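Visitor: Sharing a structure, written as structure tokens. Questions coming.
The values are calculated or read from the model by the stated rules, or taken from the named source; none is laboratory data. All values reported here derive from a predicted model rather than from experimental measurement. Here the Cβ is made from the backbone with ideal geometry for all residues, glycine too, and neighbour counts use every protein chain on show. Heads up: the accessible areas ignore ligands, DNA and RNA and are worked out on the full protein's heavy atoms, side chains in. Shrake-Rupley method; radii C 1.70, N 1.55, O 1.52, S 1.80 Å.
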Amino acid sequence: AALLPPTTSCRPAVLQTGRQEATLTTCKQNTSRQVLSLLPVYLLQLCYGMNSGFPAILTPQLAEPCSEFGISTDQESWIVSLDNLLAPLICITCGFLQQKFGPLRILMFSCIPYTVGWV
């Protein structure tokens, strides 16, 4: 709520009891709309953070001798750095796609690979 700008409907000076309750309900509805509109952005950042942190858990387990998949040091470095190597290409591509299709559609579309990857 600290990120939301103050509005006159949320801060009435002196109101009657019935109107004050209606104003507070409107204020809560506005706040919930703003929070729900920002939720996909924060969820996408959370998914990106989980993808960035996953190699820190995965690579030590793959490097163990009793692992099902044995990997070399070269393969381990590729697993860790692949996300960072592709980030500039993805950012530039997303910029062009946002201009063509709009940022909301691209945001919704970018959630699909994260969802499929974690399922």
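Visitor: Does at least one position in the stretch 22-32 carry a residue that is at pLDDT 80 or above and either β-branched (Val, Ile, Thr) or touching a Leu at 6+ places or on another chain (Cβ under 7 Å) (or both)?
Guide: Looking for residues that are at pLDDT 80 or above and either β-branched (Val, Ile, Thr) or touching a Leu at 6+ places or on another chain (Cβ under 7 Å) (or both), one finds at least one in the stretch 22-32, hence yes.
Table: residues versus (1) at pLDDT below 85; (2) assigned to a helix (DSSP H, G or I); (3) surrounded by 12 or more Cβ atoms within 10 Å (Cβ to Cβ).
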| site | (1), (2), (3) |
| --- | --- |
| Asp83 | yes, yes, yes |
| Ala87 | yes, yes, yes |
| Cys91 | yes, yes, no |
| Cys94 | no, yes, yes |
| Leu97 | no, yes, yes |
| Lys100 | no, yes, no |
| Leu107 | yes, yes, yes |
| Ser110 | yes, yes, yes |
| Thr115 | yes, yes, no |
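Visitor: Looking at the stretch 42-79 only, could you name the residues that are of a type outside the set (Phe, Trp, Tyr), within 27 Å of Pro103 (Cα to Cα), open to solvent by less than 90 Å² (accessible area, probe 1.4 Å) and out of contact with any Leu (no Cβ under 7 Å at 6 or more places or on another chain)? Walk me through it before giving the result.
Guide: Let us first name the residues in the stretch 42-79 that are of a type outside the set (Phe, Trp, Tyr), namely 43-47, 49-53, 55-68, 70-77, 79.
Of the ones still in play, those that are also within 27 Å of Pro103 (Cα to Cα) are 43-47, 49-53.
When the remaining residues are screened for being open to solvent by less than 90 Å² (accessible area, probe 1.4 Å), the result is 43-44, 47, 49-53.
Leu43, Cys47, Gly49, Met50, Asn51, Ser52, Gly53, listed by residue number.
Visitor: Another question, then. Check off (1) open to solvent by 80 Å² or more (accessible area, probe 1.4 Å); (2) in a loop (DSSP other than H, G, I, E, B); (3) at pLDDT below 80 for Leu4 and give me the number that stays unchecked.
Guide: Failing condition for Leu4: (1).
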